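> Sending over a structure as structure tokens; questions will come in a sec.
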Amino acid sequence: MTAVSDNETIDPLEMEKLGQRVGCDHLEKRLAFEKRQNQKAFWTHGKLFHLENSFVAQKMMALFFRALALHERGARNASSLVIRENEFFLPDLPNAFDGFRILHLSDLHVDMVPSGVEILTNRLQEIDYDICVMTGDYRGKTYGPIDHTISLISHIKENLHGQVFAVLGNHDSIGMVPFMERMDIDVLLNESVLFKKEGQTLFIGGIDDAHYFQAHDIEASLKGCPSGIPKILLSHTPEVYRQAAQLGYDVFLCGHTHGGQICLPGGIPLTLESRCPRHMGSGAWQHEGMSGYTNVGSGTSIINLRFNCPPEIAIHTLRKSGTVSGHQ
């Protein structure tokens, strides 16, 4: 068995299948990176540590907001999950997909606050949608066991209907993939699917994490894409928006930024932890001919507080013809 955490393993046959899908070099590089991350959890990519992994940093932040008498308010904000509606207007959209609704979940960080999973599943009962997509960061820390995370994801999946497509984020282990796929969640690792409805087709591509692992391959995700049909890309981070637009994607769905999570009045983020224009940090945006949406996430990172940036579930409705307003 191949270890992927302190108490979870992947069967060698499943590892072999993963290697065939993503390429042995990709798999070995990612697993080696994860192993180093597990052994030295407080060093990453030129930084001394990830705040997500530091109990001391989390405690200090909590004390800071308590001293300002803001902790209780921030915690209430973090539990106030909103449902945001968004529309994408696509000239080449097949008639069968006009009005097609995509449930978009991101940055669940399910193990941060287990009660957040119940809040999420309760809100899901209110929503009508055709398929669900999830754009990464399922756990709170960036290392360690995955069994608790997998259990909570399973509970969420039980409350979803229709097909579910997902990609991994910078907090996620590739070892999660076999467990998620046993739940009938299709994890796209620089891969794609052709989604059929009434004999017509929608292309959905998904890339591995581009922020931390830099394991993305957008060109590979387009392999076998027929011409003349709308193409939707699932990415954890918005950082690769230029390449996605250049390669012809029409819609770009992502998360990662949390919208800043702790923002100034007006939703102005203090930091996005992402190499992208600030207007791409949350909500709808546009670059060249590609329309995008950055989900601020239903969960929280580092500390379970939010200010001027409520957690969200996004619903994207595909519409035929027209253009989406947004920043260039």
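> Kindly provide the set of residues from the range 209-240 that are among the hydroxyl-bearing types (Ser, Thr, Tyr), in contact (Cβ under 8 Å) with a residue 12 or more places away in the chain and more than 23 Å from THR142 (Cβ to Cβ), ordered by number.
If the condition is that a residue be among the hydroxyl-bearing types (Ser, Thr, Tyr), in contact (Cβ under 8 Å) with a residue 12 or more places away in the chain and more than 23 Å from THR142 (Cβ to Cβ), then SER221 is the only one that fits.
> Return the pair list, or none, for Cβ contacts closer than 6 Å from residues in the range 271-290 that are closer than 18 Å to TYR249 by Cβ and of a type in the set (A, V, I, L, M, F, W, C) to residues that are surrounded by fewer than 16 Cβ atoms within 10 Å (Cβ to Cβ) and at pLDDT below 90, at least 6 apart or on different chains.
So the pair list comes out as ALA284/GLY326; TRP285/GLY326; TRP285/HIS327.
> Can we say LEU93 is part of a loop (DSSP other than H, G, I, E, B) and in contact (Cβ under 8 Å) with a residue 40 or more places away in the chain?
yes
> Okay, moving on. Can you tell me which residue within the range 101-114, out of those that are assigned to a loop (DSSP other than H, G, I, E, B) and either buried (at least 20 other Cβ atoms within 10 Å of the Cβ) or among the aliphatic types (A, V, I, L, M) (or both), is modelled with the lowest pLDDT?
The qualifying residue modelled with the lowest pLDDT is VAL113.
> Test SER151 against the criterion of being small (Gly, Ala, Ser) and part of a helix (DSSP H, G or I), and give yes or no.
yes
> Then there is this: Out of HIS287, HIS279, which single residue is of a type outside the set (Phe, Trp, Tyr), modelled with pLDDT under 95 and in contact with a His (Cβ under 9 Å, 6 or more places away or on another chain)? It would help to see each step written out before you state the result.
Working: HIS287 fails: modelled with pLDDT under 95.
Exactly one of HIS287, HIS279 is of a type outside the set (Phe, Trp, Tyr), modelled with pLDDT under 95 and in contact with a His (Cβ under 9 Å, 6 or more places away or on another chain), namely HIS279.
> Okay, moving on. Can you tell me which residues in the range 141-168 are among the aromatic types (Phe, Trp, Tyr) and at pLDDT below 95?
Listed by number, the list holds a single entry, TYR143.
> Something else about it: Within the range 200-222, restricting attention to residues that are at pLDDT 95 or above and more than 18 Å from LEU253 (Cα to Cα), which residue is farthest from the chain's Cα centre (by Cα)?
Step by step, filter the range 200-222, then rank; the result is GLN200.
> Among (1) part of a helix (DSSP H, G or I); (2) crowded, with 23+ Cβ neighbours inside 10 Å; (3) of a type outside the set (A, V, I, L, M, F, W, C), which single condition is ASN122 missing?
(2)
> Could you tell me which residue of the range 302-318 is nearest to ILE232 (Cα to Cα), considering only residues that are surrounded by fewer than 21 Cβ atoms within 10 Å (Cβ to Cβ) and in contact with a Gly (Cβ under 7 Å, 6 or more places away or on another chain)?
THR317
> Can you spot a residue in the range 269-285 that is under 18 Å from the mean Cα position of the chain (by Cα), part of a helix (DSSP H, G or I) and buried (at least 20 other Cβ atoms within 10 Å of the Cβ)?
yes
> If you go through the range 108-128 one residue at a time, do you hit one that is out of contact with any helix residue (DSSP H, G or I) (no Cβ under 6 Å at 6 or more places or on another chain), closer than 19 Å to GLU87 by Cβ, of a type in the set (A, V, I, L, M) and in contact (Cβ under 8 Å) with a residue 12 or more places away in the chain?
Taking every residue of the range 108-128 in turn, at least one turns out to be out of contact with any helix residue (DSSP H, G or I) (no Cβ under 6 Å at 6 or more places or on another chain), closer than 19 Å to GLU87 by Cβ, of a type in the set (A, V, I, L, M) and in contact (Cβ under 8 Å) with a residue 12 or more places away in the chain.
> Suppose we keep only residues that are part of a loop (DSSP other than H, G, I, E, B) and in contact with an Asp or Glu (Cβ under 9 Å, 6 or more places away or on another chain) within the range 239-268. Which one would you say is farthest from LEU305 (Cα to Cα)?
The qualifying residue farthest from LEU305 (Cα to Cα) is LEU247.
The values are calculated or read from the model by the stated rules, or taken from the named source; none is laboratory data. Please read these numbers as outputs of a predicted model, since none were measured by experiment. Positions of Cβ are backbone-derived with ideal geometry, glycine not excepted, and every protein chain shown enters the neighbour counts.
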